[in-house]
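Single-structure report; data block below.
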Amino acid sequence: ADVCDLQNGFAFKSKDYIDSSNTLNIRMSNIRPNGDFNPDHNPRFLPDSYTEEYQSFLLYEGDLVIAMTDMAGEPKILGLPTLVGNLNGRSFLMNQRVGKLFDFSDDIYIPYLRYYLSSPIIKEYYKSKGAGGLQINISKKDVLSAEIPLPPIPEQRRIVELLDSVFADLEKTRAKTEQNLKNARELFDSCLQQAFCSKDRSWVNNKLGDVCNIVGGGTPSKSNDSFYGGNIPWATVRDMRNDILTSTQLSITEDAVKQSSTNLIPSGAIITATRVGLGKVCILNQDTAINQDLKAFIPKDEKLDNTFLYWWLKSIAHIIVSAGTGATVQGVKLTFVKSLDIPLPLIPEQNIIASKLSVLSENKAQLERLYQNKLLAIDELKKSILQKAFSGELTHD
């Protein structure tokens, strides 16, 4: 509070939002976890007339703003500062859970303040001040109560120059790593698509419903507590996080299976989301009941390899997604799923294709782990450098 003040935003209501305008409501989600400001992330538009009515909440190029709300647990943006930019002729109105720092004293160099507010010590301080349930909030008083080391302005500038130089190099490394991660994913997706584009005349198109038994599911009554907590895994879209479905959030009893429309699907079967998480695909590693948003695919005979079927369903996920209909929840009908054409080579070739794609998938997963770990290492290095910058280590001769 000795070096600046803070202005809270205005509590615009959801009913104020319109489909499109030249005026954006800047919310905490526009402050990204990496410290960038992105006004186009999940944008909310307000009437252009609001720029006059709420002009005291307008943001301008270079304004220093922070997020005053985050999700509880491990907050990523609580108190995180960013500089407003990318207006491109538009007007930005500040939401109530965003705070703008202003009225800076001559004792503070604003870029220095921004770096300090990004440091681990301040992140932990604001986290300790946060209050709330699912969301954690800090007040104007909390923000301004943070203690800031104030070396002379020339020293503040020196610290900023060093941090700018080091972080510029780290951002180049991050950008290259993120591009490598994207390339690995795109290369695998390309191989996946090409695997099923053979012009070999021995390949025969079949309707999916002709070569697979397609089984749906259901939800046992939630009002009957005795249906839940049994020893039968019960899968929903939320459980489909990996290629292999190994566990479920909920389990049900045998009576729940008998007295509802759910079905127990055998281990090794493939399930696909045909509603809600449209296009998700995974393989069951144990006998599992499923809910109504999922469909199980079980080959009718030995003419269709199960793993080949899995990779083919992964390859057409985008087709299933684009076919989704529904105002609030997107879904596809069973008749559409059954009518999908699946190209089938002979079993030996199916086995070869499935095996190659499995190997490529594991190679991709290894690269993803490598690049994700590198990104995490960059984040940790930035935290360490910030810590040293404000303890005097970075500029110590």
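The values are calculated or read from the model by the stated rules, or taken from the named source; none is laboratory data. It should be emphasised that the depicted structure is a prediction, and the values quoted were computed from it without experimental measurement. For neighbour counting, all protein chains shown are included, and Cβ atoms are generated from backbone atoms with ideal geometry for every residue, glycine included. Please note that ligands, DNA and RNA were not included when accessible areas were found on the heavy atoms of the full protein model with its side chains. Shrake-Rupley method; radii C 1.70, N 1.55, O 1.52, S 1.80 Å.
Normalised radius of gyration for the stretch 251-375, please: alpha carbon Rg relative to 2.2 N^0.38 Å, two decimal places. Intermediate values should be presented prior to the final figure.
Values: Rg = 16.6 Å, N = 125, 2.2 N^0.38 = 13.8 Å.
So the Cα radius of gyration is 1.20 times the expected 2.2 N^0.38 Å.
Round to the nearest 10 and give me the degree value, 0 to 90, for the angle of helix 120-129's Cα axis relative to the longest principal axis of the chain. Around 80 degrees separate the two axes.
Considering only protein heavy atoms, what per residue accessible area in square angstrom results for the chain with a 1.4 angstrom probe?
Ligands and nucleic acids excluded, the figure is 53 Å² per residue.
Any idea what % of Cα-Cα pairs in the stretch 197-273 are farther than 14 Å?
Working: 2001 of 2926 pairs.
Here the long-distance tail beyond 14 Å is 68 percent of all Cα pairs in the stretch 197-273.
In this structure the amide hydrogen of GLN135, modeled in the peptide plane, comes within under 5 Å of the amide hydrogens of ALA72, none closer than 5 places in sequence on its chain.
Here the 3J(HN,Hα) profile of the stretch 10-27, calculated from phi with Karplus coefficients 6.51, -1.76 and 1.60 at θ = phi - 60°, is 10, 7, 5, 9, 4, 5, 6, 5, 10, 5, 6, 6, 9, 10, 10, 8, 8, 10 Hz, Gly and Pro shown as x.
With bins 5 Å wide beginning at 0, the percent of Cα pairs of the stretch 184-341 falling in each bin runs 2, 9, 17, 21, 19, 15, 9, 4, 2, 1, 0, 0.
The translational diffusion coefficient of the stretch 152-239, from Stokes-Einstein at 10 °C and 1.306 mPa s with a Kirkwood hydrodynamic radius over alpha carbon pairs, comes to 77 µm²/s.
Over 22 Å apart: what share of the alpha carbon pairs of the stretch 46-135 falls there, rounded to a whole percent? It works out to 37 percent of all Cα pairs.
Springs between Cα atoms under 10 Å define the GNM used for the chain, and in it the highest mean-square fluctuation of MET71, MET94, MET28 occurs at MET71.
Near LEU344, the amide H atoms lying under 5 Å from its own belong to VAL204, ASN205, ASN206; only residues 5 or more places off or on other chains count, and H is placed 1.01 Å from N.
The calculated P(r) of the stretch 109-192, using every Cα pair and 5 Å bins from 0, goes 3, 11, 14, 14, 12, 12, 12, 10, 7, 4, 2, 0 in percent. Relative to the longest principal Cα axis of the chain, at what angle does helix 306-315 sit, 0 to 90 degrees, rounded to 10? Once rounded, one gets 40 degrees.
If you average the C-alpha positions of the stretch 127-150 and of the stretch 234-256 separately, how far apart do those two centres end up, in angstrom? Centre-to-centre distance over Cα atoms comes out at 39 Å. Oblate is the label for the stretch 88-127, because the ratio a/c of its alpha-carbon gyration tensor axes (a ≥ b ≥ c) is 1.5 or higher and a/b is not greater than b/c. Computed from backbone phi with θ = phi - 60° and the Karplus coefficients 6.51, -1.76 and 1.60, the 3J(HN,Hα) list for the stretch 238-250 is 4, 7, 8, 9, 9, 4, 10, 8, 9, 8, 10, 5, 10 Hz; x is used for glycine and proline.
Projected label points at ILE378 and ARG238, each 7 Å from Cα along the beta carbon direction, are separated by 3.3 nanometres. Ordering 370-377, 315-322 by mean Cβ neighbour count within 10 Å, with the highest value first, yields 315-322, 370-377.
When the accessible area of the chain is split by element with a 1.4 Å probe, what percent falls to carbon and sulfur?
51
Tell me the net charge near LEU93. Cut-off is 14 Å between Cβ atoms, LEU93 excluded, with +1 for each Lys or Arg and -1 for each Asp or Glu. Walk me through the intermediate numbers first.
Values: positive: LYS13, ARG27, ARG44, ARG90, ARG97, LYS100; negative: ASP16, ASP48, GLU52, GLU53, ASP63.
So the environment of LEU93 carries a net charge of +1.
Averaging the inverse of every distinct alpha carbon separation and then flipping it gives the Kirkwood radius. What is it for the stretch 6-105, in angstrom units? That comes to 13.6 Å for the stretch 6-105. Could you work out how far helix 347-389 tilts from the main Cα principal axis of the chain, as a 0 to 90 degree angle to the nearest 10? The two axes meet at around 10 degrees.
Considering helices alone, the calculated mean residue ellipticity of the chain at 222 nm is -11500 deg cm²/dmol, with DSSP H runs of length four and up weighted by -39500 (n - 2.57) and normalised per residue.
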